[in-house]
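The values are calculated or read from the model by the stated rules, or taken from the named source; none is laboratory data. Everything numeric here is computed off the predicted structure, so don't read it as measured data. Neighbour counts are summed over all protein chains in view; Cβ atoms, including those assigned to glycine, are modelled from backbone coordinates with ideal geometry.
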Amino acid sequence: MKTFITSDIHFGHKNIMSFCPVSRARFKGDVDYMNAQIIQDWNNMIGPDDLVYILGDVAFCSWEKAVGFLRSMNGRKILIKGNHDSKLVKSPEFVACFESIHDYLTITYNGTRVSMFHYPIAEWDQMHRGAVHFYGHLHGGTSGLEKYRAIDVGMDGNMCYPHDMDVAVAMALKGDIKKHHDKYGN
């Protein structure tokens, strides 16, 4: 079993292709093709028993369509809610697609403390002791936290592919440890 992490899939969101023209260029403005290709790429990478943390913004469509997409995707899924998930999580069918749903989640992964939230945050649990922070929402943009152990794991920062958790943690651990209450990196 492998573990993956991602954010901001945005199934059904036609305008995401204009907002993220580089990472979504291969979809040529066709939202149905984007949806199908993301699912195909996902299933080529992720097996049925693999675990995937999704840090929000699964879909920008009805819960019925979102459930259809999720059911066609391999892997066991844990959702950390994003700003576009608030209506979807009202559907019991959507909720049933996940092992669990959280606003914020901290885990220990192979000895590394990992804090996950949809948004980038200036401070996270145990950051001053080397913990890493994974977030989405910025679609490959910058947060100012990149020098620390914080990474945007969203689809648009990885050409619309999920991140292997081992690789993401190894990348994050290359960053500086952010000091407790250090606003300016001093």
Legend entry - region 84-112 residues that are at positive phi, paired with ones that are in a helix (DSSP H, G or I) and surrounded by 15 or more Cβ atoms within 10 Å (Cβ to Cβ) (beta carbon under 8 Å, 6 or more apart): N110/V169
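Take F69 and decide whether it is assigned to a helix (DSSP H, G or I) and either closer than 18 Å to M116 by Cβ or hydrophobic (A, V, I, L, M, F, W, C) (or both).
Yes, satisfied.
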Inset, instruction - May I ask you to verify whether D57 is on the phi > 0 side of the Ramachandran plot and charged (D, E, K, R)? - result: yes
Legend entry - Residues (within 18 Å of M159 (Cβ to Cβ), of a type in the set (A, V, I, L, M, F, W, C) and at pLDDT 90 or above) located in region 124-142: F134
Legend entry - Test result for S115, in contact with a Ser or Thr (Cβ under 9 Å, 6 or more places away or on another chain), within 30 Å of Y148 (Cα to Cα), among the polar types (S, T, N, Q) and at pLDDT 95 or above: yes
Legend entry - Odd one out for Q37, checked against (1) crowded, with 16+ Cβ neighbours inside 10 Å; (2) farther than 13 Å from H84 by Cβ: (1)
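Among the listed residues I9, I5, identify the single one that is surrounded by 15 or more Cβ atoms within 10 Å (Cβ to Cβ), within 14 Å of the chain's Cα centre (by Cα) and assigned to a loop (DSSP other than H, G, I, E, B).
Answer to the selection: I9.
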